[in-house]
Structure formats: C-alpha cells, structure tokens
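Heads up: the structure comes next, in structure tokens.
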Amino acid sequence: MAIAGPGGVDDAIASGIDLDGTPIPAPMLDLYNTVMELESKRARSGVKKSMRNRIVKTGAKHFDQQTLDARLRAAGWEGLKDKEIAFFYGS
C-alpha cells in the first residue's frame, strides 16, 4: 500500500491494513478510535495555535532546527521553544 500526503495514514487506518499489507490488530484499532473520538470532542484554543503545533511536529522531520525556527518567525509565529527543541531535536 503506497501512502502519501496528510490523509494517507488515515486511509490506511480506516482500511485496517498496515503499510506492509498486514492487518492492524483490532485492539490497536479500537484504542486508536477511542482516543481519536475523545480528541474530536476536546475544545480547541485557536486555529493558529493548532497550525503552529502541527508545523512544529511535522516540520521537525523535514527541516533542521535553525531552518524551522527561522521559517516560524518569518511566518509571524514565535520561534521554537526550548521544550520543542529538546523534544524534537534532542538538545
């Protein structure tokens, strides 16, 4: 199964099939679906904050620390926080 784009993993989960073609065990799917249902009901604090969180979480996989920090600042957000640097970059 070829997975790409932000919805690819969601599509695989919905199908119950892992990337290697094996079925995802029902207890794993049940727990995932329970947690996602609870998350869907959680109040949000703002779209821009959620956008920044997603950018940091995913951007750390694609950009080095200095580049991601600079791009956040250039876009109008605060730069990387110390706890984000420690978590995503191990510093």
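Mind running the shape call on region 15-57? Use the C-alpha gyration tensor, a ≥ b ≥ c as the square roots of the eigenvalues: rounded below 1.5 for a/c, prolate if a/b tops b/c, oblate otherwise. Judged from the Cα gyration tensor, region 15-57 comes out oblate (a/c at least 1.5, b/c at or above a/b). Convex hull volume per residue, computed on the Cα atoms of region 47-89, equals 60 Å³. Across all Cα pairs in the chain, the calculated P(r) in 10 Å bins from zero up to the longest distance comes to 14, 32, 32, 21, 1 percent per bin.
We did not get these values from a lab; they are worked out from the coordinates using the rules stated. Quick caveat: nothing in here was measured; it's all calculated off a predicted structure.
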